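The values are calculated or read from the model by the stated rules, or taken from the named source; none is laboratory data. Remember, it's a predicted structure, so these values are computed and weren't measured experimentally. Neighbour counts run over all protein chains shown; Cβ positions are idealised from the backbone, glycine included. For the accessible areas, the whole protein counts, side chains as well, though only heavy atoms, and no ligand, DNA or RNA atoms are used. Shrake-Rupley method; radii C 1.70, N 1.55, O 1.52, S 1.80 Å.
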Amino acid sequence: MPNSLTIAKLAEQLGKKQVSSQEITGACLDQIEKIDAKLHSFLHIDAEDALAQAKAADCMIARDGNSTHPPLLGIPVGMKDIIAVKGQPLTCASKIIDNFISPYNATVTQRLREAGAVLLGRLNMDEFAMGSSTENSALGPTRNPWNQEHTPGGSSGGSAAAVASDECIAALGSDTGGSIRQPAAFCGCVGLKPTYGRVSRFGLVAFASSLDQIGPITKTVEDAALLLEAISGHDPKDSTSIPAQVPAYSQALNADIRGLKIGLPKEYMVAGLSDEVKNSINRAVEHLSGLGAEIIDISLPHTEYAVATYYIIATAEASANLARFDGIRYGRRKEGKDPIELYCNTRGAGFGAEVKRRIILGTYALSSGYYDAYYLRAQKVRTLIRRDFLNAFEHVDAVVTPTTTSPAFKLGEKIEDPLQMYLTDLLTISCNLSGICGISIPCGFSANPQLPIGLQILGKPLDEQTILKIAHAYEQSTVWREEKPDLTAFQ
Amino acid sequence: MSNESMDIKYVAQLARVSLTPEEERIFSGQLEEVLGYIEHLKKVDVSGVEPTAHAVPRENVTRPDEIAGSLPHEDALRNAPSKSNGLFVVPQIVE
């Protein structure tokens, strides 16, 4: 079926007219129809609209013959339900804006449209991207395609589950503390968090503005490169986007990695690491060494403070960003006798438990008398964490670590214990605090149950090219991507 | 860093979020645990360290002061929970 193929393969077949976009899109819609009642990756699908986009792509291919097409022409891409697509719902998996229709396009949406992509549906997530399991969705959790008792990770769990189960060819997610890489690892996908500022955040509902980035979740490294080059680049509408040229990432993947220096930070091989993850990572490191990379032991001494630093900075920023959901200009309103009571009622009824906890924690960290002790101190520790990486990158070209300490945990396992849930972000958070780029790729499976394991490769600011090159070299010389989940249980 | 426990009613009021008594009880315990973990940060020597607000610092980003299109009035109002005469309707603020 065409929905099981990659962007690269489908672009080739579309060009040769061996398949049409309507066939690809139809196959994705069939797959959704078949499994999504149980998998629950999608919150919203407009089949008619998707097929109309596909038809337009097919007309363009027929009209233009063999001339060069836009790079993603006719390829169905799913969108996390936090990225604006004009005329489509945008709910952030929250009750507070469950009736919202985007009045404009995010910049990434505009760029995907220009690249010819078919925008296919809205993908499930933890409410406002706060969570690591997609269990915080107000519309119910997504399951892991590899095992329905396990979570797909989060917050971009719907994006990863949809790609892993061939419901779409690729997807966009957003990553504030690991929300692209961790679900990609749990579902056996490739997930890339770009350098802060590489991709415009305009039209991405803000969670923690100094940490948020949009990025691709795909089946292969080449697809991640293709999607990244389509969405990257400076945008005057996002003052934090970096005015730097975007390399043709997908064109430089086949370079060999001999002589590249790869750092292995001792602090990431932590005590809580499961044996299967540890063994997979050790084998992956040996493999990279076999491909000619030079492995160098390094230290990132402030790693142990990353989670605490993150949960001050991210919640502080969230408490400010989410102030806009007040029942006045959009979303649900719950009346009160005065404006303050209206705000309190609206937000009390509209936000889920985790969002409330984080707003309260962030408000506390910023409140008079606690600001210096919490927020300012966390910002200083953030400097030290970032410095650790910049120092390391003077000696190495990239850093490899596990993406997560264990394979996907079970639904319900951590949801009652926020701190345990926060600690699952341990290995992905520093990348956001430092503003560097990172990718997770499959590097093995646990035995029983069979669940994917992710290898994280972290790179210098704006050096996505190097991590993509290493990831591609590893992927092309291993077999992990060939394994597919058995979806019988979802039918 | 303080070891005092958080007055959740007060902070929730600051955050404009109403909580049920049940939520107050559960969140208090959970946030207490999280704050206990955050105490870790006390151990770090941050003397002389500058704070980082943005990992990729950019200052004074400006654009040319030119008139450009913006969201049409009716599109901006489309998602409003209550509107009248092309305006958002809000509760009375002044007597």
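Remarks
- The stretch A:35-54 and the stretch A:312-380 have Cα centres separated by 33 Å.
- Charge-dipole axis of the stretch B:1-44 as Lys and Arg at +1 and Asp and Glu at -1 on Cβ define it, positive-most pick from B:8, B:26, B:41: B:41
- Three principal axis extents describe the C-alpha atoms of chain A; from largest down they are 64, 53, 47 Å.
- Under 21 Å from residue A:266, Cα to Cα: lysines that are on another chain or at least 8 residues apart: A:278, A:460, B:43
- Interface size B-A, as summed buried accessible area [1.4 Å probe, Å², nearest 100]: 5400
- Mean separation of Cα contacts under 8 Å (6+ apart) over length of chain A, as relative contact order %: 18
- Computed lengthening from residue A:258 to residue A:33, 0.36 nm per intervening residue step minus Cα-Cα distance: 76.4 nm
- Sorting A:26-35, B:76-85, B:16-25 by their mean Cβ neighbour count within 10 Å, with the most densely packed peptide first, gives A:26-35, B:16-25, B:76-85.
- Computed [θ] at 222 nm, deg cm²/dmol, chain A (DSSP H ≥ 4; -39,500 (n - 2.57); rounded to nearest 500): -11500 deg cm²/dmol
- Inter-label distance, nm, simple model (7 Å from Cα along the C-beta direction), residue B:82/residue B:50: 4.9
- Projecting the Cα atoms of B:71, A:123, A:268 onto the charge dipole of the protein assembly as shown, computed from C-beta unit charges around the Cα centre, puts B:71 farthest toward the positive end.
- Taking every C-alpha pair closer than 8 Å and separated by at least 6 residues, the mean separation divided by the residue count of the stretch A:77-120 gives a relative contact order of 39 percent.
- Label-point separation, residue A:489 to residue A:349 (7 Å along Cα→Cβ), nm: 3.8
- All lysines inside 16 Å of residue A:484 as judged from Cα atoms, apart from same-chain residues fewer than 8 positions distant: A:219
- Taking label positions 7 Å along the Cα-Cβ direction at both residue B:24 and residue A:289, the computed distance is 5.9 nm, reported to one decimal.
- Net length gained if the chain between residue A:413 and residue A:324 were fully extended (0.36 nm per residue, minus Cα distance): 28.8 nm
- As a calculated quantity, the FRET efficiency between residue B:93 and residue A:49 at R0 = 45 Å, using C-beta atoms, amounts to about 0.65.
- Label-reachable residues, the stretch A:468-491, where backbone N falls under 17 Å from a point 7 Å from residue A:1's Cα toward its Cβ: A:483-491
- Dipole of the protein assembly as shown, positive direction: furthest Cα of A:67, A:289, A:155, with charges on the beta-carbon: A:67
- Net dipole in debye of chain B [+1 Lys, Arg Cβ; -1 Asp, Glu Cβ; about Cα centre; nearest 20]: 200
- Backbone N within the stretch A:189-205 under 19 Å of label point (7 Å from residue A:114 Cα along the Cβ vector): A:197-204
- Each Lys and Arg contributes +1 and each Asp and Glu -1, all at the Cβ; summed about the Cα centre of the stretch B:1-44, the dipole is approximately 180 debye.
- Prolate/oblate/rounded call for the stretch A:353-491, Cα gyration tensor, a/c under 1.5 rounded: oblate
- Rounded to the nearest 20 debye, the dipole magnitude of the protein assembly as shown is 600 debye, with +1 charges on Lys and Arg beta carbons, -1 on Asp and Glu beta carbons, and the Cα centre as origin.
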